[in-house]
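Structure first, then comments.
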Amino acid sequence: MSEDPRDSRIQARLQALESAIADIEAEARAAAHALCAHELQTRLENIARRVEALRAAQPRGADDGTA
């Protein structure tokens, strides 16, 4: 029995989400220790860019259960 291609896409999407969550967590930890307003702003902008990249990469109306 061959593997369902939807399973591979779902697994790849899950791995991408886990990676993004780890990146966002790291930025949030760094932001919590920011020494100045500029550093805090930079960290928050990094988080916002990562979230926007996730939203842009999210499939719309896909029939593989990831939408």
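The values are calculated or read from the model by the stated rules, or taken from the named source; none is laboratory data. The structure presented is a predicted model; accordingly, all values stated were derived computationally and were not measured. With ideal geometry, Cβ positions are generated from the backbone for all residues, glycine too; neighbour counts draw on all protein chains shown. For the accessible areas, the whole protein counts, side chains as well, though only heavy atoms, and no ligand, DNA or RNA atoms are used. Shrake-Rupley method; radii C 1.70, N 1.55, O 1.52, S 1.80 Å.
Tell me whether the range 22-30 contains one or more residues that are more than 26 Å from residue 58 (Cα to Cα) and either open to solvent by less than 100 Å² (accessible area, probe 1.4 Å) or in contact (Cβ under 8 Å) with a residue 40 or more places away in the chain (or both).
Here is the first cut: in the range 22-30, the ones more than 26 Å from residue 58 (Cα to Cα) are 30.
Adding the requirement that they be either open to solvent by less than 100 Å² (accessible area, probe 1.4 Å) or in contact (Cβ under 8 Å) with a residue 40 or more places away in the chain (or both) leaves 30.
Checked the range 22-30: at least one residue is more than 26 Å from residue 58 (Cα to Cα) and either open to solvent by less than 100 Å² (accessible area, probe 1.4 Å) or in contact (Cβ under 8 Å) with a residue 40 or more places away in the chain (or both).
Matching residues to (1) more than 16 Å from the chain's Cα centre (by Cα); (2) modelled with pLDDT of 90 or more; (3) in a helix (DSSP H, G or I):
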| site | (1), (2), (3) |
| --- | --- |
| 2 | yes, no, no |
| 15 | no, yes, yes |
| 22 | no, yes, yes |
| 27 | no, yes, yes |
| 38 | yes, yes, yes |
| 44 | no, yes, yes |
| 51 | no, yes, yes |
